[in-house]
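Notes follow the structure.
The values are calculated or read from the model by the stated rules, or taken from the named source; none is laboratory data. Just so it is clear, the model here is predicted, and its values are computed rather than measured. Methodologically, a virtual Cβ is constructed for each residue, glycine included, from the backbone with ideal geometry; neighbour enumeration extends over all protein chains shown. Side chains included, ligands, DNA and RNA excluded: accessible areas come from the protein's heavy atoms. Shrake-Rupley method; radii C 1.70, N 1.55, O 1.52, S 1.80 Å.
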Amino acid sequence: MRRQLPVAIVTNLSLLVVSSLLLAIPVFAHHGFQFEFDGSKYIYITGTLTKVEWENPHIYFNVESKASPEDPANPDPGGKVTNWRYEGSSVSLVQRTGTRRADLVDSIGRTVTVRACPGKGALAKGAAETVKVSDDKEVVVGRKRYYGEGPAPADIDKDPVN
């Protein structure tokens, strides 16, 4: 004769498994900068701003450029246009630098130059710091506000107080 587990035990065990899985989801929700981007270098990509997503947890925007993802300092040998995806800081941090949503949205369809840390793996993406939207205006969208020009310190993710 086969014994069955009581319904209460099966229900509790099922709830435990489902709860454990749901609690693990936030672990994948946010990324570490050092896993996606190379903070030791900067690239400058010039192209046409095509899209702006002004939302938390980060702002995102796209730029179409002939820069090669494998060697961003040079154009693609075949002349291929690549859609570069950039990530900035959170909306509130970007706004504290004086950058407004309209600074980017008004530049859609225009030529911009983005200063960013490149994405790892020769992907056409970057962690943007500044966007030159016109000859006389450069807006801050990333960590430049905290570290100024040049590479960020090696302990960028370290708490300076502790």
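Taking first residues from the stretch 73-102 that are on the phi > 0 side of the Ramachandran plot and partners that are among the basic types (Lys, Arg) and modelled with pLDDT of 90 or more, the Cβ contacts under 7 Å between residues at least 6 apart in sequence or on separate chains come to Gly79/Lys66.
Residue pairs whose Cβ atoms lie under 6 Å apart, sitting 6 or more positions apart in sequence or on different chains, and linking a residue in the stretch 108-121 that is surrounded by 14 or more Cβ atoms within 10 Å (Cβ to Cβ) to a partner that is part of a strand (DSSP E or B) and modelled with pLDDT under 90, are Cys117/Phe37; Gly119/Phe37. Once the stretch 43-53 is narrowed to residues that are open to solvent by less than 80 Å² (accessible area, probe 1.4 Å) and modelled with pLDDT of 95 or more, the residue that is nearest to Lys120 (Cα to Cα) is Ile45.
Kindly check whether there is at least one residue in the stretch 32-42 that is touching a helix residue (DSSP H, G or I) at 6+ places or on another chain (Cβ under 8 Å) and either in a loop (DSSP other than H, G, I, E, B) or at pLDDT below 70 (or both). Looking for residues that are touching a helix residue (DSSP H, G or I) at 6+ places or on another chain (Cβ under 8 Å) and either in a loop (DSSP other than H, G, I, E, B) or at pLDDT below 70 (or both), one finds at least one in the stretch 32-42, hence yes. Of the residues that sit in the stretch 66-92 and are more than 13 Å from Ala124 (Cα to Cα) and small (Gly, Ala, Ser), which one is most open to solvent (accessible area, probe 1.4 Å)? Restricting to residues being more than 13 Å from Ala124 (Cα to Cα) and small (Gly, Ala, Ser), the top hit is Gly78.
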